[in-house]
1. Tally up the residues in segment 24-45 that are surrounded by fewer than 24 Cβ atoms within 10 Å (Cβ to Cβ) and outside any helix (DSSP H, G or I), please.
2. Look through segment 151-188, keep the residues that are assigned to a loop (DSSP other than H, G, I, E, B) and within 16 Å of the chain's Cα centre (by Cα), and return whichever of them is surrounded by the fewest Cβ atoms within 10 Å (Cβ to Cβ).
3. Filter segment 131-150 down to residues that are among the polar types (S, T, N, Q) and free of Cβ contacts under 8 Å to residues at least 12 places away in the same chain and give me whichever is surrounded by the most Cβ atoms within 10 Å (Cβ to Cβ).
4. Out of L206, L211, L191, report the one residue that is part of a helix (DSSP H, G or I), at pLDDT 85 or above and in contact with a Cys (Cβ under 9 Å, 6 or more places away or on another chain).
5. I'd like the residue in segment 97-139 that is over 24 Å from F244 (Cβ atoms) and outside any loop (DSSP other than H, G, I, E, B) and, out of all such residues, is modelled with the highest pLDDT.
6. Inspect segment 46-65 for any residue being of a type outside the set (S, T, Y), part of a loop (DSSP other than H, G, I, E, B) and at pLDDT below 90 and give the result as yes or no.
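The values are calculated or read from the model by the stated rules, or taken from the named source; none is laboratory data. If you're wondering where the values come from, they're calculated on a predicted model, not measured in any experiment. When we count neighbours, we look across all protein chains shown, and the Cβ atoms used for this are built from the backbone with ideal geometry, even at glycine.
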Amino acid sequence: MILDTLFQFWHVILLFFIVAILYAAVGFGGGSSYLAILALTGIVFTQIRATALLCNIVVVSGNVFLFYHQKKLNWKKILPLILFSIPLAYLGGYLKITQQFFFILLGFTLLFAAITMWISKRIVSSDEKNTNSKPLRNTIFGGVTGFISGMVGIGGGIFLAPLLHLTNWDTPKKIAATASFFILVNSIAGLLGQYSNPDFNIDWNLTSILLVTVFIGGQIGSRISNQYLTPIQLKKATAILIAFVSIRILWKYLF
């Protein structure tokens, strides 16, 4: 059965491996790309969301572990972000949604964020301290992105990271660390919300293979980030990935 699945979905497995490397390198889980890839396989949408979130959890767990030991997680600033994001991600995962309008809006929003990040010249240097954490703003950011991520079946890092970069929230490395932790907790909450829904369904033959694949890819990606990417390269890479995802979404749902 597993061999049959490998032969049938070898191209999906390869794409998941590549996505896990690229997204882990900038602190993301890759949920948005996993959704796009699985959408081409004919698998039912409820199963697609659950599989994407499980892969998110596997990829960013390794990132969070590394960032924790490198002391890149600022808990005082992170806790307001996840205060409402976790329950709202659970609610979003529980809700039934329609795809068309939401994905078009999502595509334009991500494209705008990517362009703004790319042309922005302001960046927090590695030795500059941002002491104004603005917990209320962080709570709003976290709640909104948590709810949206739960509905779609992603961890929300691709929403959160542009907001944090544009507001000079902290250094790029700490933003990547924060996005990883945010994706982890919200992917778990969103998955639990989906599990509570009677329509929950998942193919464990395919999913188990994909989980092993993205775990290996995620470990490779996180180590590439920590050893080879400078802060400005990290910001530019994030912008490129977000633009790529937005264009793909718009192409699919507009044409």
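1. Number satisfying all stated conditions: 5.
2. Top of the filtered list is G153.
3. Here the answer is N132.
4. Testing whether each residue is part of a helix (DSSP H, G or I), at pLDDT 85 or above and in contact with a Cys (Cβ under 9 Å, 6 or more places away or on another chain) leaves just L211.
5. So, considering only residues that are over 24 Å from F244 (Cβ atoms) and outside any loop (DSSP other than H, G, I, E, B), the one modelled with the highest pLDDT is T139.
6. no
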